[in-house]
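Asks: After the structure tokens below, expect a handful of questions from me.
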């Protein structure tokens, strides 16, 4: 049946598309052209496979078909420019080289995929463009899926992708692995894109839903792929560890009616032990590679403290406060400082935490950030200063963009009212 | 979504025949492909049912029956857990199983239940929490 074949082709595309695009990008030296050619091969598959059946090695078939198109396209393109002519001939030679296509592909696949993702996350692109292009080319998501995930129109996503490809071509970004000296910055851009996707799923900044698990799954898959491609990079394992452990709490994060449930209130029996185990193993790998922990590994180590604690009371808060201390030194930021304040308040009491939070009151980077009044409200309420706490919760509720979170904060404000919850 | 790929038992697995080098290598490559694709979560092979037991309940009382068990084709010889977008993608992965070397096994694919599949069914603790929340809201009004 045709529809069965189409569904099979969709599935194959999801598995193979990044490899095909990456291989083509190496050959034609242009990710935009590579994707077009890969799409052509997909169209050919959609035309032929329902009749002929799916070939034994569909990935190799797609690759070979796309290569043929590449040669044709290069022949036709820009009236036999010498460079293109050479490239086409090169490809043809490769094409004629004998059949161990699989092995030939495998040799290149890892490097091709990495070159592709370093390109789609290139700093020359705006963050939004990096995200869209990476999900599309490296993650195999459709424009529709990306649009749905980020709550923007398909036209917007398509536009971002087109512009990103144009920018890459115009700035002559080479599709290759970054050199040793460039690597830290480029790697951090790649990991940053993956974590941004994860976070958009984990704590949606907009919309009606508090979490969007599908995005977390996409980010996790990308992270796991990166870990297998760069097994010697501790921060890649650090990021995977962080995402696995955070994702382990996804189903405990949503309460009845879709309301947000914060860490301290979560039913820990609902945490996903498989993901926790995978996360702890990834963290061990990051630690085993030596050197001091990077920002992702440190955050993973913090997440691991929570994952290991059977109850909130069992949490090793002094260790978490120390890890935040290390994080604040490595990557100082008001947000990290705010988290450190929370950890300190749990380890050494709300007054100690409040002292740190109050130092952040004038921080311009936190102006309009709902978590500042939210944390302050929490500390004040723990100190029994309920009227001040209510004001803070109300402010926090007015600042958040997420409907579910607003509900939660409004609830906490209401609980500080006289008469609520046994208050006199 | 998660799927469990269940490799059914056959005469060889039930006899405890260890896989030959070629199969081990092919299986290793296959698993490696799934790791590289970021879809493999966990997986293992199982000892023959001769080393297993069944615990049956009758009126809440357990009784333990030693293996082996007769209905070989219904038994399980190994499992793999993967995280993919669709059943079709899971099928696509299973089609790549090194079947020729593995004695043309029968493989079953089953979807793992996820939180949203439970719908309105929450844990008692959560339900209690919700009820408490409701009560608080009513108190205030």
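Asks: By how many degrees, 0 to 90 and rounded to 10, does the Cα axis of helix A:58-76 deviate from the longest principal axis of chain A?
Replies: 60 degrees
Asks: In the Gaussian network model of chain A, springs joining C-alpha atoms below 10 Å, which of A:75, A:285, A:136 carries the largest mean-square fluctuation?
Replies: Judging by the Gaussian network model, the answer is A:75.
Asks: Let me ask you something else. Apply 1/(1 + (r/R0)^6) to the Cβ-Cβ distance of residue A:417 and residue A:358, taking R0 = 35 Å, and write down the FRET efficiency to the nearest 0.05.
Replies: Numbers: r = 24 Å, r/R0 = 0.69.
So, using R0 = 35 Å, E works out to roughly 0.90.
Asks: Compute the separation of the alpha-carbon centres of the stretch A:24-61 and the stretch A:237-271 and state it in Å as a whole number.
Replies: Rounded to whole Å, the Cα centres lie 39 Å apart.
Asks: Within the stretch B:76-115, find all residues whose amide N lies under 14 Å from a label point positioned 7 Å from the Cα of residue B:31 along Cα-to-beta-carbon.
Replies: B:78-82, B:98
Asks: With contacts defined as alpha carbon pairs under 8 Å and 6 or more residues apart, what's the relative contact order of the stretch B:1-79 in percent?
Replies: Working: 86 pairs, mean separation 37.0, N = 79.
That works out to 47 percent.
Asks: Order by neighbour count: A:225, B:109, A:161, fewest other Cβ atoms within 10 Å first, most last.
Replies: B:109, A:161, A:225
Asks: If you don't mind, there's one more thing I want to ask. Would you kindly compute the Cα radius of gyration of the protein assembly as shown and its largest Cα-Cα separation (Dmax), both in Å?
Replies: Final numbers for Rg and Dmax: 26.8, 86 Å.
Asks: Label points 7 Å out from Cα along the Cβ direction at residue A:177 and residue B:111: separation in nm?
Replies: 4.0 nm
Asks: Hey, what did the stretch A:1-66 get for relative contact order, percent, Cα under 8 Å, at least 6 apart?
Replies: On the way: 50 pairs, mean separation 26.4, N = 66.
After rounding, I find 40 percent.
Asks: Let me ask another. So if each residue of separation counts as 0.36 nm, and I subtract the Cα-Cα distance between residue B:50 and residue B:11, what length gain in nm does that give?
Replies: Numbers: separation 39, 0.36 × 39 = 14.04 nm, distance 1.21 nm.
Here the answer is 12.8 nm.
Asks: Another question, if that's okay. By count of other Cβ within 10 Å, fewest leading, how are A:237, B:47, A:370 ordered?
Replies: Details: A:237 28, B:47 11, A:370 20.
Least crowded to most crowded, the residues run B:47, A:370, A:237.
Asks: Using Cα atoms only, what is the angle between the long axis of helix A:31-52 and the major principal axis of chain A, expressed in degrees (0 to 90) to the nearest 10?
Replies: Compared with the principal axis, the helix lies near 70 degrees.
Asks: So if R0 is 35 Å, what FRET efficiency would residue A:46 and residue A:284 give, r being the distance between their Cβ atoms, rounded to the nearest 0.05? Show your work: numbers first, answer last.
Replies: Details: r = 44 Å, r/R0 = 1.26.
Rounded to the nearest 0.05, the efficiency is 0.20.
Asks: To continue, here is another question. I'd like the orientation of helix A:334-348 relative to chain A: the angle between its Cα long axis and the longest Cα principal axis, in ° from 0 to 90, rounded to 10.
Replies: 50 degrees
Asks: How much mean residue ellipticity at 222 nm does chain A get from its helices, if each DSSP H run of length 4 or more adds -39500 (n - 2.57) and you divide by all residues, to the nearest 500 deg cm²/dmol?
Replies: Working: 19 runs with 294 residues, N = 424.
That comes out to -23000 deg cm²/dmol.
Asks: Here is a follow-up. Expressed as a whole number of Å, what is the distance separating the alpha-carbon centroids of the stretch A:172-231 and the stretch A:295-363?
Replies: Rounded to whole Å, the Cα centres lie 24 Å apart.
Asks: What FRET efficiency do you get for residue A:326 and residue A:158 if R0 is 56 Å and r is their Cβ-Cβ distance, rounded to the nearest 0.05?
Replies: Details: r = 43 Å, r/R0 = 0.76.
Here the calculated transfer efficiency is 0.85.
Asks: Tell me, in nm to one decimal, what length is gained between residue A:333 and residue A:169 on full extension, where the rule is 0.36 nm per residue of separation less the Cα-Cα distance?
Replies: Working: separation 164, 0.36 × 164 = 59.04 nm, distance 3.49 nm.
Length gained, residue A:333 through residue A:169: 55.6 nm.
Asks: Give me the distance in nm between label points sitting 7 Å out from Cα along the Cα-to-Cβ direction at residue A:410 and residue A:151, one decimal.
Replies: 1.6 nm
Asks: For the residue pair residue A:262 and residue B:58, what label-to-label distance in nm results when each label sits 7 Å from Cα along the Cα-to-beta-carbon direction?
Replies: 5.4 nm
Asks: While we're here: Can you sort A:141, A:263, A:133 so the residue with the fewest Cβ neighbours within 10 Å comes first?
Replies: On the way: A:141 24, A:263 13, A:133 32.
Ordered from fewest to most neighbouring Cβ atoms within 10 Å, A:141, A:263, A:133 come out as A:263, A:141, A:133.
Asks: Which value, in Å³ per residue, describes the convex hull spanned by the Cα atoms of the stretch B:45-85?
Replies: Details: hull volume 4.9 nm³, N = 41.
With only Cα atoms used, the stretch B:45-85 gives 120 Å³ per residue.
No lab work stands behind these numbers, since they all come straight from the coordinates. Bear in mind that the values here come from a model prediction, so they are computed numbers and not experimental data. With ideal geometry, Cβ positions are generated from the backbone for all residues, glycine too; neighbour counts draw on all protein chains shown.
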